[in-house]
1. Sort out which residues of the range 148-164 are open to solvent by 10 Å² or more (accessible area, probe 1.4 Å) and over 18 Å from Arg123 (Cβ atoms), and write them in order of number.
2. Being of a type in the set (Gly, Ala, Ser) and either in contact with a Phe, Trp or Tyr (Cβ under 8 Å, 6 or more places away or on another chain) or without any contact (Cβ under 8 Å) to a residue 40 or more places away in the chain (or both) is true for just one of Ala147, Ala118, Ala169, Ala109. Which residue is that?
3. Please determine whether any residue of the range 179-192 is open to solvent by 90 Å² or more (accessible area, probe 1.4 Å), touching a residue at least 12 places away in the same chain (Cβ under 8 Å), among the charged types (D, E, K, R) and assigned to a loop (DSSP other than H, G, I, E, B).
4. Which residues, taken from the range 33-69, are within 18 Å of Tyr85 (Cα to Cα) and in a helix (DSSP H, G or I)?
5. Tally up the residues in the range 203-218 that are open to solvent by 30 Å² or more (accessible area, probe 1.4 Å) and either within 20 Å of the chain's Cα centre (by Cα) or free of Cβ contacts under 8 Å to residues at least 40 places away in the same chain (or both), please.
6. Can Leu80 be described as in a helix (DSSP H, G or I), within 24 Å of Val176 (Cβ to Cβ) and not aromatic (Phe, Trp, Tyr)?
7. Assigned to a loop (DSSP other than H, G, I, E, B), polar (S, T, N, Q) and either surrounded by 11 or more Cβ atoms within 10 Å (Cβ to Cβ) or modelled with pLDDT of 95 or more (or both) - does that describe any residue in the range 91-111?
8. Within the range 29-75, count every residue that is over 14 Å from the mean Cα position of the chain (by Cα) and surrounded by fewer than 18 Cβ atoms within 10 Å (Cβ to Cβ).
Amino acid sequence: MTSKHLSHLFDNNRAWAQRMEREQPGFFNHLAQQQSPKYLWIGCSDSRVPANQITGLEPGEVFVHRNVANVVVHSDLNALSVIQYAVDALKVEHIMVVGHYGCGGVLAATRGTRIGLADNWLRHVQDVRLRHRQRLNHLPQQQLEDAMCEMNVIEQVGNVALSNVMQDAWSRGQKVAVHGWVYGLNDGIVKDMDVTMTGSHEVVDVFRRAFKRYPRGE
């Protein structure tokens, strides 16, 4: 198989580039000079969750990092490097951790399904399930899975907020907020999980309050 089988993608690219230049003359020349996004999107690799289209933003307006199940852990130098560059160099004002309902990674971790090498990565999501099992195990399966998608986002927001990058930024008075969202594949609507953190002093209280929304089983 050669790239000729992808000719329709090249055609689409040329059509898109021509349309952008026609609608916004000088767009690419301006874009090539610099990028100055206000937003960092940390999302899932799922092809159905495109950051720019969901938020209605143009190229250059959102810096993006994606991985399986939108996980942020302190040993992942890839994610931390993206966060540091976004915060320290690009001076983004908002970091959105965005999960989505029906996330294959979250569902695999929740159901104990083996999918291969990614099982090791999804142990981070399984840890979320284990920590909050008293708030989850009494729920019907669909509600449990939706709650897990939400809880995973909340956990990752906390991980971003507790990273040395964010702690250092806040300590020097930089204005940057961390948010948690969940996207609905069925309706295209983003749900704000109400876990926005704008400084170190908010992290513990916001984190604790967020999980109290999920009652423990009897």
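1. Of everything in the range 148-164, those that are open to solvent by 10 Å² or more (accessible area, probe 1.4 Å) and over 18 Å from Arg123 (Cβ atoms) turn out to be Glu150, Leu162, Asn164.
2. Exactly one of Ala147, Ala118, Ala169, Ala109 is of a type in the set (Gly, Ala, Ser) and either in contact with a Phe, Trp or Tyr (Cβ under 8 Å, 6 or more places away or on another chain) or without any contact (Cβ under 8 Å) to a residue 40 or more places away in the chain (or both), namely Ala147.
3. No, that holds for no residue.
4. Let us first name the residues in the range 33-69 that are within 18 Å of Tyr85 (Cα to Cα), namely 33-43, 59-67.
Matches in the range 33-69: Gln33 only.
5. Going residue by residue through the range 203-218, those that are open to solvent by 30 Å² or more (accessible area, probe 1.4 Å) are 204-205, 207-209, 212-213, 215-218.
Subset that is either within 20 Å of the chain's Cα centre (by Cα) or free of Cβ contacts under 8 Å to residues at least 40 places away in the same chain (or both): 204-205, 207-209, 212-213.
So the answer is 7.
6. Answer is yes for this residue.
7. First, pick out the residues of the range 91-111 that are assigned to a loop (DSSP other than H, G, I, E, B): 91-93, 101-103.
This time we only want the ones that are polar (S, T, N, Q), so: none.
No; the residues of the range 91-111 include none that is assigned to a loop (DSSP other than H, G, I, E, B), polar (S, T, N, Q) and either surrounded by 11 or more Cβ atoms within 10 Å (Cβ to Cβ) or modelled with pLDDT of 95 or more (or both).
8. Selection size over the range 29-75: 18.
The values are calculated or read from the model by the stated rules, or taken from the named source; none is laboratory data. Because the structure is a prediction, the values reported are computed rather than measured. Counting neighbours? That spans all protein chains shown, and the Cβs are built from the backbone with ideal geometry, glycine included. Side chains included, ligands, DNA and RNA excluded: accessible areas come from the protein's heavy atoms. Shrake-Rupley method; radii C 1.70, N 1.55, O 1.52, S 1.80 Å.
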